[in-house]
Amino acid sequence: MDQAANHEKRSHPRYPVRGQLTGNVLSALLSPLPGSEVPFQWTIQDISQGGFGVLTPSTVSVMTPIRCEVQLDDMPVSIPTLVQVCWTERNSSGEGARVGLHFLL
């Protein structure tokens with residue numbers, strides 16, 4: 001389900017950043033889904049106090065919990081966190097998607 005309209009109702013301003021998000025999609029019980037044991041890596045596009053936007057090779061279901069590590073360029077450490085997918089939007093090229101993630105921790 002495409003929730004692109006929801007990202008226009010942001011509570012906090014977003015700031016462009018460069019970095020990588022590495023993580024695993026979780027089940028409703030917050031354990032890795034079968035087949036998701038190998039971490040994915042997505043490109044971080046922007047960040048705010050409430051979450052961040054990433055570029056992915058495909059869409060992800062809204063409300064999906066994700067355990068991840070945020071590695072921003074020029075930062076020597078990664079930040080572990082738990083996020084939830086708020087909205088998804090297919091890229092105009094038809095390849096991949098932009099996904100909005102909300103911090104749960």
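Across the stretch 46-82, the qualifying residues are those that are touching a Lys or Arg at 6+ places or on another chain (Cβ under 7 Å) and open to solvent by 60 Å² or more (accessible area, probe 1.4 Å), and the one among them that is farthest from P13 (Cα to Cα) is D73. Taking the criterion of being under 14 Å from Q49 (Cα atoms) and in contact with a His (Cβ under 9 Å, 6 or more places away or on another chain), the only residue of the stretch 85-105 that qualifies is G100.
Are any of the residues in the stretch 19-37 modelled with pLDDT of 90 or more, in a loop (DSSP other than H, G, I, E, B), of a type outside the set (D, E) and open to solvent by less than 50 Å² (accessible area, probe 1.4 Å)? No, that holds for no residue. Looking at the stretch 83-97, can you tell me whether even one residue there is in contact (Cβ under 8 Å) with a residue 24 or more places away in the chain, within 19 Å of S27 (Cβ to Cβ), out of contact with any Ser or Thr (no Cβ under 6 Å at 6 or more places or on another chain) and surrounded by fewer than 13 Cβ atoms within 10 Å (Cβ to Cβ)? No: the stretch 83-97 contains no residue that is in contact (Cβ under 8 Å) with a residue 24 or more places away in the chain, within 19 Å of S27 (Cβ to Cβ), out of contact with any Ser or Thr (no Cβ under 6 Å at 6 or more places or on another chain) and surrounded by fewer than 13 Cβ atoms within 10 Å (Cβ to Cβ).
The values are calculated or read from the model by the stated rules, or taken from the named source; none is laboratory data. Computed from a prediction, not measured in an experiment: that's the story for all the values here. So basically every Cβ, Gly included, is an ideal-geometry build from the backbone, and we count neighbours across all protein chains shown. The area values use the complete protein model at the heavy-atom level, side chains included, leaving out ligands, DNA and RNA. Shrake-Rupley method; radii C 1.70, N 1.55, O 1.52, S 1.80 Å.
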